[in-house]
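Have a look at the structure below, then the notes.
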Amino acid sequence: MRKKIVAGNWKMNNNKRETADLIQSLKSLSFSSEVRVMIAPAFTHLVQVEEMTQGSRLEVAAQNMNAAESGAFTGEVSASMLQSIGVKKVILGHSERRAYFNESDASLKDKVATALSYDMEIIFCFGEELAQRKDNTHFDVVKSQLSAALFELSPSAWSKIILAYEPVWAIGTGETASPEQAQEMHAYIRALIAEQYDQTLADAVSILYGGSVKPANASAIFSQTDVDGGLIGGAALKADDFSAIVQSA
Ligand code: PEP
């Protein structure tokens, strides 16, 4: 049975001291063993957070990485660098990276391949924009994002893939997909995976919802059959809110 997962994407927030304070607060909380709890701080704090969370329930992820092994890619971070500091998870394909840093499905496919070659776990983000939902192409958009980056993977590679459906219109906007909209899309995604692979594999993949999840709406969304937890942005920056969301999973 797939486990629930709640992951906090801190984005470009928190300096060194704020990072330490938030980690201390999160470490003092007790989370149900039924839920995996992940946090993705900025690159500059990954070493510190990796050290501070040793022996705790908090799992650490990077927010991005480059597909190349090494070389002349100023400002970039490789999988082997992450591996060398003990970080074994990475968020790939976040809508902000797609929108502001021109990440394409093709470049994400390369990043996925590199991360898997380092045995990393991947939180793979995708989702439609508002105009696409309005013109009713949201299912096609999601299908094409998943097919382009993931559907050539071997079945065994899927044990390292966590999906995060994040409708772009709901990220950081305060507007959330309704529980029914989330369930409808998650069920569609699971059916797609079953069609591409098989039902057993589809049933084993965790599909997180992301987009303005808060303590007040988390349980309604997380209680949907095909929603296996959430990727949390703004609300992950406050220990109390993040903890309440984890408790709702
Ligand atoms: C996100 O950035 O992945 C996200 C879901 O942000 P927020 O929760 O702030 O909408």
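Using 1/(1 + (r/R0)^6) with R0 = 35 angstrom and r between the beta carbons of E34 and Y100, what's the FRET efficiency to the nearest 0.05?
Efficiency computed from Cβ-Cβ geometry: 0.50.
If you average 1/r across every pair of different Cα atoms in the stretch 21-95 and take the reciprocal, what Kirkwood value do you get, in Å?
13.4 Å
Report, in order of residue number, the helices in the chain meeting two criteria: a C-alpha extent of 15 Å or more along the helix axis, and a mean Kyte-Doolittle hydropathy of at least -0.5; treat each whole DSSP H run as one helix.
In the chain, the long hydrophobic H runs are 105-117, 138-150.
Taking the alpha carbon gyration tensor of the stretch 150-249, what are the square roots of 5 times its eigenvalues, largest first, to the nearest whole Å?
Taking √(5λ) for each Cα gyration eigenvalue gives 25, 13, 12 Å.
Any idea how far apart D240 and D203 come out in nm if each label point goes 7 Å out from Cα toward Cβ?
4.1 nm
Is there a pair in K143/K214; K134/K238; K4/K88; K88/K214; K16/K111 whose C-alpha atoms are over 25 Å apart, and which pairs would that be?
K143/K214; K134/K238; K88/K214; K16/K111
Can you give the alpha-carbon Rg of the stretch 57-170 over 2.2 N^0.38 Å, where N counts its residues?
1.08
What is the projected area of the convex hull of the Cα atoms of the chain, averaged over all directions, in nm²?
Averaging across all directions leaves 12.4 nm² for the Cα convex hull.
Using 7 Å Cα-to-Cβ label points, what is the S219/D135 separation (nm, one decimal)?
Distance between the two pseudo-spin positions: 4.1 nm.
Spin-label point model (7 Å from Cα, Cβ direction): what's the S178 to S56 distance in nm?
Here the modelled spin labels are 3.9 nm apart.
Readers should treat all values here as calculations from the given coordinates under stated rules, not as data from a laboratory. All of these numbers come straight from a predicted model, not from anything done at the bench. Because the Cβ atoms are built from the backbone with ideal geometry, glycine has one as well, and the counts that use them run over all protein chains shown.
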